[in-house]
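The next block holds one structure in the form of structure tokens; read it before the comments.
The values are calculated or read from the model by the stated rules, or taken from the named source; none is laboratory data. These numbers come from a predicted model, not from an experiment. A quick note on method: Cβ atoms are made from the backbone with ideal geometry, for glycine too, and the neighbour counts reach across all protein chains shown.
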Amino acid sequence: MTMPTALTDKVVTFVQAVVTAMGLTLQITTEDAEDTTQINLDGEDGGVLTRRGGEGLQALQHLVATVFRRELGDDHRVLVDCMGFRREKDAELRQMARYNAERAVTMGAPQEMGPLNPYDRRIVHMTVAESPGVTSESIGDAFLKTVIISARS
């Protein structure tokens, strides 16, 4: 189910207002998938959001999720990316999850990843679920948790 156009426009207007208030000039495009709408930001000022491990991008993502939580409900997500930063980070996280899943099986010992935020943990759990013979679980009681990848017994 794709997000209604009116809500997409509302989210884009909000993101534009935030980046403008930050003094940044960025172009915004959107991509719709079945349960996700991706807001892509591009431009020379994008480095402000991606420096320091993407802290600014994470903060913007959190703002969007918080502001539109009720309107989006549980069946749709909005992801904010800047200059492909999130796409590259997600690919790296998937690769690391596959590597740790393989190590858990070959070494017979659980492997830890983290601490990770909820979005990153979701990517790890989904990637591990694709690998036969391994399982994953989150441990911890804070926003940032560790994912344990183990061989299935």
* **Top-ranked residue of segment 108-125 - restricted to ones that are at pLDDT 95 or above and exposed (fewer than 14 other Cβ atoms within 10 Å of the Cβ), ranked as nearest to the chain's Cα centre (by Cα)** => GLU112
* In segment 72-107, which residue that is hydrophobic (A, V, I, L, M, F, W, C) and under 14 Å from the mean Cα position of the chain (by Cα) is nearest to ARG152 (Cα to Cα)? -> LEU93
* Asked: Among the candidates ARG77, ARG52, ARG69, ARG87, which residue alone is at pLDDT below 95, on the phi > 0 side of the Ramachandran plot and charged (D, E, K, R)?
  -> ARG52
* Limited to segment 19-29, what total is found for residues that are surrounded by fewer than 16 Cβ atoms within 10 Å (Cβ to Cβ) and part of a helix (DSSP H, G or I)? -> 2
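Show me the strands (runs of 3 or more DSSP E) entirely contained within segment 30-123 in which 1 or more residues are among the acidic types (Asp, Glu) and in contact with a helix residue (DSSP H, G or I) (Cβ under 9 Å, 6 or more places away or on another chain).
Answer list for segment 30-123: 77-82, 111-116.
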